[in-house]
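Chemist: Let me begin by handing over the structure; questions about it come next.
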Amino acid sequence: MPSEGSVRFADAIRRTVIVQSKRAYVGHIGSSLSIADLVAVVFHERIRLEGGADRDRFVLSKGHAALALYAALDELGRLPDGAIDTYCADGSQLGVHPEIDLEGIDFASGSLGQGLSIATGAALAARVQGSDRKVYVVLSDAELNEGNVWEAIMFAGHHRLENLVLLIDLNGQQALDFTPDVLDLGDVAAKLASFGWDAAAVPGHDHDALGTALDAPSAGKPRAIVAQTTFGYGVSYMESEIKWHYLPLSDELFADAQRDLAALEAQR
Amino acid sequence: MRNEFVDELGALAAADERVVLLTGDLGFMVLEDFQRQFPDRFFNVGVAEQNMVGMATGLAEAGFVPFVYSIATFATLRPYEFIRNGPILHRLPVRVVGVGGGFDYGHNGITHLALEDYAVMRTQPGMTTIAPADAPQARAAIQATRDHEGPIYFRVSKRGDALPGLDGRFKLGGLDVVRTGDDAAIISIGSISHEAVAAAAFLAERGIEATVAVVSSFNPDPAEELAELLANVPLALTVEAHYVNGGLGSFVAEVIAEAGLACRLLRAGATSMPSGETGTQAHMERQSGLDAGSLATSVQQALSLRP
């Protein structure tokens, strides 16, 4: 299977998410599991991390899932040794949301909806500088509630920023409820397409499908991968459960989560 | 001073390829020359100030020095959190240009009157705030801050004629004394400084000699110089086209209190939200006691009440 490497990479991210959330006793676990596969397909042999100022950029607009990003950077050896074990510890640079002073973080985030505007500026910068670098940005579906996200969608579409790659974590839920019950987003891919984006709905945990969508020839437009994901993916009792937006792990549930992840890894 | 500011920005852009200009669909009859000269470094982002500042953050990280342009209220208040979490947090050289400010947009009403921009900007550590008093100082400020590493907010007023005694000087964090006198000190910021200077002239006719000192920036600010100056006068009056809380008046109060000075402080500026009444800039300023006559009278009365 061509994407086996990135699947294993995602497995490692999920393991780290569970272990570190348990140790730190903090929440946002379901959100991090939701994007483990998206982060993996970008960071496993796709994003160009070398090249100094000409490297690709990555913006985690849904900053509350930073643990998935830390896990990826750790897997790549891009965090200082042992840093991942300081997640949310006093004095650590690894907080719930990514901080700019942490090596490997291009942009801080945490306030929902700000990442796409930053990424749009970063993509415009690459164009003006004549660089072929790409800008990857991961948004949650709930961030589409923020008005300025649509300002950025309009700008990127109008200016055909084809070096901008947006991955939307369409897990269908947000802090207090399911997204169709809060503000129904309708057909997100169709909306983006109507603003001039090359948008496709893709199964969000299928690495082959995600890879194909990411590697497709440019349509001369910004690209949007509307990834249909499952919140809490891989841990049965978290999947599509609103409460796992915030809850931390007990000892018992930690053991259950590890069993679930082992089962997921075994079936592939 | 808008046209001079943008003209100087054009000169900066000609010399420095890092300079790009983003506008939130404003700048009719002001930005056209820049757009013609630098079509690849000019972007009308539409009426979208939050996205404009977010984009400026992404541009600045890549090495650009983005100037984002709108009316002062829309440039500062609408995208405030983007400014905080963007260029301030990331320590990037984004220049927020707020045109108007104070009562400049008189008839347009409170939505267009920036009366808290100094306050919200100066409270953010690392956000340099610059309010030139006249066009020559605006030009000097652009050049002096060309390589300033962090973000800057420029309040660019309508009025740009030269302030007597300032002679185009600008020093970041400096205090410019444009008139000297031992009876009182008038401390002003921005183009309303013209009223401060005129007030000092009125006072002189009445036998009161006042120093007039112009503050042109916060972060850095001239706290030390100001404390030295105010140690030698019994009365200070702050003059700003702004609410009296949070801006220059508050800054000077902090300086006086922290230095333990005996100087009494009067603060001229808006004390309530000016809604429900329209008028010219001059009318609105008069309503807040910011005209030279009112300023002079307040100083004279305060001095006459001294024991």
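Chemist: Have a look at B:ALA199, B:ALA204, B:ALA231, B:ALA227 and point out the one that is over 26 Å from B:PRO93 (Cα atoms) and buried (at least 24 other Cβ atoms within 10 Å of the Cβ). Spell out the reasoning first.
Modeler: Working: B:ALA204 fails: buried (at least 24 other Cβ atoms within 10 Å of the Cβ); B:ALA231 fails: buried (at least 24 other Cβ atoms within 10 Å of the Cβ); B:ALA227 fails: buried (at least 24 other Cβ atoms within 10 Å of the Cβ).
The unique qualifying residue is B:ALA199.
Chemist: Which ranges mark the helices (runs of 4 or more DSSP H) fully within segment A:104-186 that have 1 or more residues being at the interface with chain B (Cβ under 8 Å from one of its Cβ atoms) and closer than 24 Å to A:ALA65 by Cα?
Modeler: Details: elements: A:115-128, A:147-158, A:179-182.
By residue number, A:115-128, A:147-158.
Chemist: Would you please name the residue that is surrounded by the fewest Cβ atoms within 10 Å (Cβ to Cβ), looking only at residues in segment A:215-232 that are hydroxyl-bearing (Ser, Thr, Tyr) and under 14 Å from the mean Cα position of the chain (by Cα)? Walk me through it before giving the result.
Modeler: Restricting attention to segment A:215-232, the residues satisfying the condition of being hydroxyl-bearing (Ser, Thr, Tyr) are A:218, A:229-230.
If we keep only those that are under 14 Å from the mean Cα position of the chain (by Cα) as well, we get A:229-230.
Values: A:THR229: 25, A:THR230: 18.
Among residues in segment A:215-232 that are hydroxyl-bearing (Ser, Thr, Tyr) and under 14 Å from the mean Cα position of the chain (by Cα), the one surrounded by the fewest Cβ atoms within 10 Å (Cβ to Cβ) is A:THR230.
Chemist: Collect the residues in segment A:34-58 that are in contact with a helix residue (DSSP H, G or I) (Cβ under 6 Å, 6 or more places away or on another chain), in a helix (DSSP H, G or I) and of a type outside the set (Asp, Glu), keeping them in residue-number order.
Modeler: Initial filter on segment A:34-58 (in contact with a helix residue (DSSP H, G or I) (Cβ under 6 Å, 6 or more places away or on another chain)): A:35-37, A:39-41, A:43-44, A:57.
Applying the additional criterion that residues be in a helix (DSSP H, G or I) yields A:35-37, A:39-41, A:43.
Listed by number, the residues that qualify are A:ILE35, A:ALA36, A:VAL39, A:ALA40, A:VAL41, A:PHE43.
Here is a yes/no grid of residues against (1) free of Cβ contacts under 8 Å to residues at least 40 places away in the same chain; (2) closer than 19 Å to A:ALA125 by Cα; (3) surrounded by 20 or more Cβ atoms within 10 Å (Cβ to Cβ):
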{"site": "B:ARG18", "(1), (2), (3)": "no, yes, no"}
{"site": "B:LEU21", "(1), (2), (3)": "no, yes, yes"}
{"site": "B:ASP33", "(1), (2), (3)": "yes, no, no"}
{"site": "B:ALA48", "(1), (2), (3)": "yes, yes, yes"}
{"site": "B:MET55", "(1), (2), (3)": "yes, yes, yes"}
{"site": "B:LEU59", "(1), (2), (3)": "yes, yes, yes"}
{"site": "B:ARG91", "(1), (2), (3)": "no, yes, no"}
{"site": "B:VAL96", "(1), (2), (3)": "no, yes, yes"}
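Chemist: A:ALA122 - would you say it is of a type in the set (A, V, I, L, M, F, W, C), in contact (Cβ under 8 Å) with a residue 60 or more places away in the chain and within 16 Å of B:MET55 (Cβ to Cβ)?
Modeler: Taking the combined requirement at face value, the residue satisfies it.
Chemist: Which numbered condition trips up B:TYR69, out of (1) within 14 Å of another protein chain (Cβ to nearest Cβ); (2) over 19 Å from A:LEU161 (Cα atoms); (3) crowded, with 24+ Cβ neighbours inside 10 Å?
Modeler: (1)
Chemist: Please work out if A:SER194 is closer than 30 Å to B:GLU17 by Cβ, more than 14 Å from chain B (Cβ to nearest Cβ), surrounded by fewer than 24 Cβ atoms within 10 Å (Cβ to Cβ) and free of Cβ contacts under 8 Å to residues at least 60 places away in the same chain.
Modeler: no
Chemist: For segment B:136-181, name all the residues that are assigned to a loop (DSSP other than H, G, I, E, B), without any contact (Cβ under 8 Å) to a residue 40 or more places away in the chain and of a type in the set (A, V, I, L, M).
Modeler: B:ALA162
Chemist: A further question on this structure: Determine if segment A:76-86 includes at least one residue that is among the small types (Gly, Ala, Ser) and touching a Gly at 6+ places or on another chain (Cβ under 8 Å).
Modeler: The first filter runs over segment A:76-86 and keeps only residues among the small types (Gly, Ala, Ser), leaving A:77, A:82-83.
Then drop every residue that is not touching a Gly at 6+ places or on another chain (Cβ under 8 Å), which leaves none.
Taking every residue of segment A:76-86 in turn, none turns out to be among the small types (Gly, Ala, Ser) and touching a Gly at 6+ places or on another chain (Cβ under 8 Å).
Chemist: What are the residues in segment B:4-59 that are at the interface with chain A (Cβ under 9 Å from one of its Cβ atoms), touching a strand residue (DSSP E or B) at 6+ places or on another chain (Cβ under 7 Å) and of a type in the set (Val, Ile, Thr), if any?
Modeler: Result: B:VAL20, B:VAL45, B:VAL53.
Chemist: Any idea which of (1) surrounded by 23 or more Cβ atoms within 10 Å (Cβ to Cβ); (2) more than 14 Å from every other protein chain (Cβ to nearest Cβ); (3) of a type outside the set (D, E, K, R); (4) outside any loop (DSSP other than H, G, I, E, B) is the one A:ILE84 doesn't satisfy?
Modeler: It is condition (1) that A:ILE84 fails.
Chemist: Does A:THR212 satisfy being surrounded by fewer than 16 Cβ atoms within 10 Å (Cβ to Cβ) and not in a strand (DSSP E or B)?
Modeler: On the way: surrounded by fewer than 16 Cβ atoms within 10 Å (Cβ to Cβ): yes; not in a strand (DSSP E or B): yes.
Against the criterion (surrounded by fewer than 16 Cβ atoms within 10 Å (Cβ to Cβ) and not in a strand (DSSP E or B)), A:THR212 qualifies.
Chemist: Filter segment B:117-144 down to the residues that are of a type in the set (Val, Ile, Thr) and either buried (at least 21 other Cβ atoms within 10 Å of the Cβ) or in contact with a Pro (Cβ under 9 Å, 6 or more places away or on another chain) (or both) and list them by number. Reasoning before the result, please.
Modeler: Taking segment B:117-144 as the starting set, the residues that turn out to be of a type in the set (Val, Ile, Thr) are B:120, B:123, B:128-130, B:142.
B:THR128, B:THR129, B:ILE130, B:ILE142 - these are the residues of segment B:117-144 that are of a type in the set (Val, Ile, Thr) and either buried (at least 21 other Cβ atoms within 10 Å of the Cβ) or in contact with a Pro (Cβ under 9 Å, 6 or more places away or on another chain) (or both).
To keep it simple, each residue is scored yes or no on (1) small (Gly, Ala, Ser); (2) more than 25 Å from A:TRP150 (Cβ to Cβ).
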{"residue": "A:GLY220", "(1), (2)": "yes, no"}
{"residue": "A:ALA224", "(1), (2)": "yes, no"}
{"residue": "A:GLN228", "(1), (2)": "no, no"}
{"residue": "A:VAL235", "(1), (2)": "no, yes"}
{"residue": "A:ARG268", "(1), (2)": "no, yes"}
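Chemist: With the requirement that a residue be in a helix (DSSP H, G or I), closer than 21 Å to B:LEU290 by Cα and either touching a Lys or Arg at 6+ places or on another chain (Cβ under 9 Å) or among the small types (Gly, Ala, Ser) (or both), what does segment B:95-127 give you?
Modeler: Scanning segment B:95-127 gives B:GLY106, B:ASP117, B:TYR118, B:ALA119.
Where a number appears in this text, it was derived from the coordinates with a stated rule and is not lab data. Given the structure is predicted, the values throughout are model-derived calculations rather than measurements. Cβ: placed from backbone, ideal geometry, glycine included. Neighbour counts: every protein chain shown.
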